[in-house]
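Here the structure is laid out as C-alpha coordinates; the discussion comes afterwards.
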Amino acid sequence: MNGATARERLQVMLAELDRSIGVLRGDPVAVREHSAADAGSDLTDADRAQAMLTVATTQRTAVLAALKRLDEGSYGQCVDCAGAVPEGRLEARPEAARCVQCQGKTERRR
Ligand SMILES: [Zn+2]
(Lines give C-alpha, C1' and ligand atoms only; values in the text may rest on other atoms or scores of the structure.)
Protein backbone atom coordinates (compact mmCIF):
# COMPACT_ATOMS: atom_id res chain seq x y z
CA MET A 1 0.00 0.00 0.00
CA ASN A 2 1.55 3.33 -1.01
CA GLY A 3 1.55 6.46 1.12
CA ALA A 4 -1.19 8.25 -0.82
CA THR A 5 -3.57 5.28 -0.45
CA ALA A 6 -2.78 4.97 3.23
CA ARG A 7 -3.36 8.69 3.80
CA GLU A 8 -6.68 8.55 1.96
CA ARG A 9 -7.88 5.58 3.98
CA LEU A 10 -6.73 7.13 7.26
CA GLN A 11 -8.50 10.41 6.46
CA VAL A 12 -11.74 8.54 5.68
CA MET A 13 -11.38 6.68 8.99
CA LEU A 14 -10.73 9.94 10.82
CA ALA A 15 -13.85 11.57 9.35
CA GLU A 16 -15.97 8.56 10.31
CA LEU A 17 -14.53 8.49 13.82
CA ASP A 18 -15.15 12.22 14.27
CA ARG A 19 -18.76 11.71 13.24
CA SER A 20 -19.21 8.70 15.55
CA ILE A 21 -17.60 10.54 18.45
CA GLY A 22 -19.91 13.51 17.85
CA VAL A 23 -22.96 11.25 17.90
CA LEU A 24 -21.78 9.38 20.99
CA ARG A 25 -21.11 12.62 22.84
CA GLY A 26 -24.66 13.68 22.06
CA ASP A 27 -23.84 16.50 19.67
CA PRO A 28 -27.42 17.49 18.66
CA VAL A 29 -26.49 18.18 15.01
CA ALA A 30 -24.73 14.84 14.62
CA VAL A 31 -27.57 13.02 16.37
CA ARG A 32 -30.12 14.60 14.06
CA GLU A 33 -28.09 13.49 11.06
CA HIS A 34 -27.77 10.02 12.50
CA SER A 35 -31.37 8.91 12.03
CA ALA A 36 -30.78 5.46 13.50
CA ALA A 37 -29.46 6.93 16.74
CA ASP A 38 -31.77 6.02 19.56
CA ALA A 39 -31.67 8.61 22.31
CA GLY A 40 -32.16 5.98 24.98
CA SER A 41 -31.45 7.25 28.45
CA ASP A 42 -31.27 3.99 30.37
CA LEU A 43 -27.97 3.04 31.96
CA THR A 44 -27.24 0.18 29.54
CA ASP A 45 -27.35 2.46 26.52
CA ALA A 46 -25.27 5.08 28.31
CA ASP A 47 -22.71 2.45 29.28
CA ARG A 48 -22.60 1.10 25.76
CA ALA A 49 -22.19 4.60 24.34
CA GLN A 50 -19.39 5.27 26.82
CA ALA A 51 -17.61 2.04 25.86
CA MET A 52 -17.97 2.85 22.15
CA LEU A 53 -16.72 6.38 22.79
CA THR A 54 -13.62 5.00 24.50
CA VAL A 55 -12.92 2.67 21.56
CA ALA A 56 -13.54 5.42 18.98
CA THR A 57 -11.34 7.91 20.85
CA THR A 58 -8.51 5.37 21.16
CA GLN A 59 -8.75 4.55 17.47
CA ARG A 60 -8.84 8.24 16.55
CA THR A 61 -5.56 8.73 18.44
CA ALA A 62 -4.05 5.77 16.54
CA VAL A 63 -5.22 7.18 13.18
CA LEU A 64 -3.75 10.62 13.98
CA ALA A 65 -0.47 8.99 15.00
CA ALA A 66 -0.42 7.03 11.72
CA LEU A 67 -0.97 10.25 9.70
CA LYS A 68 1.91 11.84 11.62
CA ARG A 69 4.14 8.86 10.77
CA LEU A 70 3.16 9.32 7.11
CA ASP A 71 4.31 12.96 7.33
CA GLU A 72 7.54 11.91 9.00
CA GLY A 73 8.18 9.13 6.52
CA SER A 74 8.16 6.36 9.11
CA TYR A 75 4.78 4.94 8.16
CA GLY A 76 4.75 1.15 7.84
CA GLN A 77 7.60 0.88 10.30
CA CYS A 78 6.99 -0.73 13.69
CA VAL A 79 7.22 1.93 16.44
CA ASP A 80 8.80 -0.59 18.82
CA CYS A 81 11.34 -2.62 16.82
CA ALA A 82 11.54 -0.41 13.67
CA GLY A 83 10.91 -3.52 11.57
CA ALA A 84 8.48 -3.43 8.65
CA VAL A 85 4.80 -3.81 9.46
CA PRO A 86 3.52 -6.44 6.99
CA GLU A 87 1.55 -5.09 4.04
CA GLY A 88 -1.42 -7.35 4.80
CA ARG A 89 -1.61 -5.96 8.31
CA LEU A 90 -1.66 -2.37 7.04
CA GLU A 91 -4.36 -3.31 4.54
CA ALA A 92 -6.53 -4.58 7.37
CA ARG A 93 -5.58 -1.86 9.84
CA PRO A 94 -4.00 1.20 8.19
CA GLU A 95 -3.50 2.75 11.64
CA ALA A 96 -1.41 -0.19 12.91
CA ALA A 97 1.71 1.11 14.68
CA ARG A 98 3.37 -2.19 15.45
CA CYS A 99 4.28 -5.42 13.74
CA VAL A 100 2.30 -8.47 14.80
CA GLN A 101 4.99 -9.59 17.25
CA CYS A 102 5.30 -6.26 19.08
CA GLN A 103 1.52 -5.80 19.11
CA GLY A 104 1.25 -9.22 20.77
CA LYS A 105 3.79 -8.19 23.40
CA THR A 106 2.00 -4.90 24.03
CA GLU A 107 -1.33 -6.61 24.48
CA ARG A 108 0.12 -9.18 26.86
CA ARG A 109 1.56 -6.34 28.99
CA ARG A 110 -1.89 -4.82 29.53
ZN1 LIG B 1 7.89 -4.67 15.99
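The values are calculated or read from the model by the stated rules, or taken from the named source; none is laboratory data. Small disclaimer: the values here were computed from a predicted structure and weren't measured. Ideal geometry is used to build each Cβ from the backbone, glycine not excepted, and the neighbour counts take in all protein chains shown. Note: areas computed on protein heavy atoms with side chains; ligands, DNA, RNA excluded. Shrake-Rupley method; radii C 1.70, N 1.55, O 1.52, S 1.80 Å.
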Among the residues of segment 52-85 satisfying the criterion of being surrounded by 12 or more Cβ atoms within 10 Å (Cβ to Cβ) and of a type in the set (D, E, K, R), which is farthest from the ligand (Cβ to nearest atom)? R60
Does any residue in segment 82-98 that is among the basic types (K, R) come within less than 7 Å, Cβ to Cβ, of a residue that is open to solvent by 30 Å² or more (accessible area, probe 1.4 Å) and assigned to a loop (DSSP other than H, G, I, E, B) six or more places away or on a different chain, and which pairs are these? R98/V79; R98/D80
Looking at segment 86-110, which of its residues are in a loop (DSSP other than H, G, I, E, B) and either away from the ligand (no atom under 11 Å from the Cβ) or farther than 23 Å from D71 by Cβ (or both)? R93, P94, E95, R110
